[in-house]
Every structure is written in structure tokens, then in C-alpha cells.
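The values are calculated or read from the model by the stated rules, or taken from the named source; none is laboratory data. As the structure is a prediction and not an experimental result, all values here were calculated from the model. Note that we place each Cβ from the backbone using ideal geometry, even for glycine, and neighbour counts take in every protein chain shown. Just the protein is used for accessible areas: all its heavy atoms, side chains included, with ligands, DNA and RNA removed. Shrake-Rupley method; radii C 1.70, N 1.55, O 1.52, S 1.80 Å.
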Amino acid sequence: MPAKSGDQHEIDIKYLSDNLVKAAIDKSTRFSLGGTGFIQGMIVYIARNSDGTDEVAVEICPDPDAVSTDKLWSVVAKPAHGLDPTDAKNPLWVAIKLNSQFKDAYQGFLVV
């Protein structure tokens, strides 16, 4: 059976390590995504919308001190200086792209 191309690869975020990830401006916040299909090369980012649109200025990098797997992906988030805090009633979305294609998003990120 041929390997799936990046466009066909399925990624599903099922939960975040914290029910609501709270990231302070200009500070690094570690958290993990749980789910299936996580692979090297995917891009984790923060968006205002469930379809991954309207990206928010939060730098997300793989956590260098953690081991990530296809079911648990550890990252470090750092909201940009000057970013407005998030309304707690409307959390942002942790989203994933692979090969520039939106794959999935999970609501539960606050800039504080």
C-alpha cells in the first residue's frame, strides 16, 4: 500500500494537557496536545477561528526538553509583546497545518 502524502495524512487533536492553556505575554508556556497522527514537519499555531484562519501572533515551537510521539506532542508557546489578552469566554484555537494545509484545531488557549 503506498504511503499517504502529506495532504492525505490525518491529524486529530483530542485534548490539551491543560483544560485551558493560559500563556502570559512575553513568557514561555509549555503544554502538550493529545490526539493521533502527529508527525515531524507539522506546524502548530494559534488561530481565532475553528477552521484555523486568522492566525494570532503566538510563537509555537516544539519543546526541546520533551519527547513527542504521534499521540502526544509537546510545545512551548510565547505570545508576542503587545498582544491583547484573550476574552476567557472565547478561547483561541490551537491549530495544526501540514504542507500548508489546515488539518485540525482544538479550542482552549488564552493569552493572559
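How about Lys89: which lysines have a C-alpha closer than 29 Å to its C-alpha, ignoring those fewer than 8 places off in the same chain?
Result set, ordered by chain and number: Lys14, Lys22, Lys27, Lys71, Lys78, Lys97, Lys103.
Just add up the charged neighbours of Leu83: K/R +1, D/E -1, any other residue whose Cβ is under 14 Å from the Cβ of Leu83.
Summing Lys and Arg as +1 and Asp and Glu as -1 gives -2.
Select one label from (i) 17.9; (ii) 6.9; (iii) 8.5: the one whose number is mean projected area of the Cα convex hull in nm² as derived from the coordinates shown.
(ii)
Would you mind getting the Kirkwood hydrodynamic radius of region 64-112 from its Cα pairs, rounded to one decimal in Å?
One over the average 1/r among Cα pairs gives 12.9 Å for region 64-112.
About the Cα centre of the chain, what is the dipole size in debye to 20, counting +1 per Lys and Arg Cβ and -1 per Asp and Glu Cβ, all else neutral?
For this selection, approximately 160 debye.
Rolling a 1.4 angstrom probe over the protein heavy atoms, how many square angstrom per residue are accessible across the chain?
In whole numbers, the chain has 58 Å² accessible per residue.
Computing the accessible area with a 1.4 Å probe over protein heavy atoms, can you report the carbon and sulfur percentage for the chain?
Its accessible area is 49 percent carbon and sulfur atoms.
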